[in-house]
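Visitor: One structure coming up, written as structure tokens, with questions to follow.
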Amino acid sequence: MIISHLNGGLGNQMFQYAIGRVLSMVNSDDLYLDLTSYNSIFNSADTRRDFELDIFKLKYKVATKSQIMRLSDSNPFINILNQYLKLGLNPYPRGYIREKDHRFQPEILNNKGDLYLKGFWQSEKYFLSHKEQILQDFSFRYKPSKKNQSTLALIDGSVSVSIHVRRGDYVKNRVTNKYHGTCDIAYYQNAIKMIKAKCSKPTFFVFSDDIEWCKKILKIKSKAYYISHNHGKDSWEDMRLMSHCKHNIIANSSFSWWGAWLNKNTNKIVIAPINWFRDKTVISKDIVPTSWIKL
């Protein structure tokens, strides 16, 4: 049994599914998803998250409370010993695996038996060996709406380049802003300049949770479409549109990371921010694939 703990938005959930899926295949075991964080009181209205992986054709079971407790609950006796005697003992079951930091940890993939995975696992290195299977798993279940069909026609019929600008909680939430930060205007200007130097007559498709800001600030002097018709429970449609673009300029966001990764263009140019986090103490060297350009 492989249980992967899910939390965060769609992009995070995809990383957490992917590592669990790989371990389930390597170990010929069933994959279970722990969805309890989406029913938690800590799933605040400020940045409320919902389980979103049902937009894909995935293979998993939902873990029960007893299954989760068996593999993830800490031992209260060891907790007491650690508290009073400072022994530093591991209070968790043997199969409990918690991500240490954002660096790729190859030893994780060697684990056997019943496992409980808790982390973000934001690196393609965890699932690159099973790339085709993960691409197949992340096939969108639903057909695009008429509006998105029209947008896909524009994307497929041009040298299309997606631009993703993440604002929202990255700007409004002080703690989130201090940790993640946002890509500055210079990053987007330089990325657009690079695309224009490498591509003939590119058409830009801008995706954002603040499209009006993008229209005022980006000032793209090329053909550009500002995509604003997908929102709320339909926001995932933006990821499908991004994945159909020939090239991608992404934000420091797992959402547009996956939009670019799902792009099957073998000659794609993907530009990503060199600083994934504003907090410089966070090591993020394994998040952006080596074939992508960092600016």
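Visitor: Can you sort Arg103, Arg98, Arg21 from fewest to most other Cβ atoms within 10 Å of each residue's own Cβ?
Guide: Arg98, Arg103, Arg21
Visitor: Taking the Cβ of Arg94 as the center, what net charge do the other residues with Cβ under 15 Å away carry, scoring Lys and Arg +1 and Asp and Glu -1? Intermediate values should be presented prior to the final figure.
Guide: Numbers: positive: Arg70, Arg98, Lys112, Lys118; negative: Asp73, Glu107, Asp114.
So the surrounding residues net to +1.
Visitor: Please order Tyr96, Tyr116 by the number of other Cβ within 10 Å, starting at the fewest.
Guide: On the way: Tyr96 18, Tyr116 26.
Fewest-to-most Cβ neighbours within 10 Å comes out as Tyr96, Tyr116.
Visitor: So for the pair Val159, Ser222, with labels modelled 7 Å out along Cα→Cβ, what separation do we get in nm?
Guide: 0.7 nm
Visitor: A follow-up question, please. Short version: what are the Cα gyration tensor semi-axes of segment 219-295, square root of 5 times each eigenvalue, largest first, in whole Å?
Guide: Values: eigenvalues 98, 49, 37 Å².
Value: 22, 16, 14 Å, ordered largest first.
Visitor: With the chain treated as a Gaussian network of Cα nodes joined by springs under 10 Å, which of Thr36, Thr266, Thr182 yields the largest mean-square fluctuation?
Guide: Thr266
Visitor: Could you calculate the FRET efficiency of Asn275 with Gln133 from 1/(1 + (r/R0)^6), where r is the beta carbon distance between them and R0 is 45 Å, rounded to 0.05? It would help to have the intermediate numbers written out before the result.
Guide: Numbers: r = 32 Å, r/R0 = 0.70.
Plugging the Cβ-Cβ distance into 1/(1 + (r/R0)^6) gives 0.90.
Visitor: Still on this model: Please work out how much length the chain gains when fully extended from Asn265 to Arg70, using 0.36 nm per residue of separation minus the C-alpha to C-alpha distance, in nm with one decimal.
Guide: Working: separation 195, 0.36 × 195 = 70.20 nm, distance 4.34 nm.
Separation in residues times 0.36 nm, less the Cα-Cα distance, equals 65.9 nm.
Visitor: Applying 1/(1 + (r/R0)^6) with R0 = 22 Å to the Cβ-Cβ distance of Lys294 and His229, what FRET efficiency is obtained, to the nearest 0.05?
Guide: On the way: r = 31 Å, r/R0 = 1.41.
Once rounded, the FRET efficiency stands at 0.10.
Visitor: List every residue whose amide H lies under 5 Å from the amide H of Thr203, counting only residues 5 or more places away in sequence or on a different chain, with H placed 1.01 Å from N in the peptide plane.
Guide: Val159, Ser160, Val161
Visitor: What share of all Cα pairs of segment 146-294, in percent, falls into each consecutive 10 Å distance bin?
Guide: Pair shares across the bins are 11, 44, 36, 9, 0.
Visitor: Moving on to the next point. Are there trypsin sites (Lys or Arg not before Pro) in segment 114-151 that DSSP puts in a loop and that have at most 14 other Cβ atoms within 10 Å, and which ones? Please list the in-between numbers first.
Guide: On the way: sites: Lys118, Lys125, Lys131, Arg141, Lys146, Lys147; in loops: Arg141.
Answer by residue number: Arg141.
Visitor: Under a GNM of the chain (C-alpha, springs under 10 Å), which listed residue has the highest mean-square fluctuation: Trp261, Trp236, Trp213?
Guide: Highest fluctuation of the listed residues: Trp213.
Visitor: Starting from the Cα coordinates of the chain, work out the convex hull volume and express it per residue in Å³. Numbers along the way, then the final one.
Guide: Numbers: hull volume 42.4 nm³, N = 295.
Looking at the chain, the number lands at 144 Å³ per residue.
Visitor: OK, next. What dipole magnitude, in Debye to the nearest 20, does segment 218-295 give about its Cα centre under +1 on Lys/Arg Cβ and -1 on Asp/Glu Cβ? Before the final figure, lay out the partial values.
Guide: On the way: 12 positive and 5 negative charges, 69 e Å.
With Lys and Arg at +1 and Asp and Glu at -1, about 340 debye.
Visitor: Let me have the relative contact order for the chain, percent, based on Cα pairs under 8 Å that are six or more residues apart. Could the numbers behind the result be given before it?
Guide: Details: 480 pairs, mean separation 54.4, N = 295.
Averaging sequence separation for qualifying contacts and normalising by length gives 18 percent for the chain.
Visitor: Hey, another quick one. Report the extension gain between Asp30 and Lys59 in nm, rounded to one decimal, defined as 0.36 nm multiplied by the number of residues separating them, less their alpha carbon distance.
Guide: Taking Asp30 through Lys59 to full extension adds about 9.6 nm, to one decimal.
Visitor: Could you work out how much longer the chain between Ser150 and Glu212 gets when fully extended? Use 0.36 nm per residue separation minus the Cα distance between them, nm to one decimal. Provide the component values of the computation, followed by the final result.
Guide: Numbers: separation 62, 0.36 × 62 = 22.32 nm, distance 2.16 nm.
Extending this stretch completely gives an extra 20.2 nm.
Coordinate-derived values only; no laboratory data. Source: prediction; values computed, not measured. Heads up, the Cβs are rebuilt from the backbone with ideal geometry, glycines too, and the neighbour counts pull from every protein chain shown.
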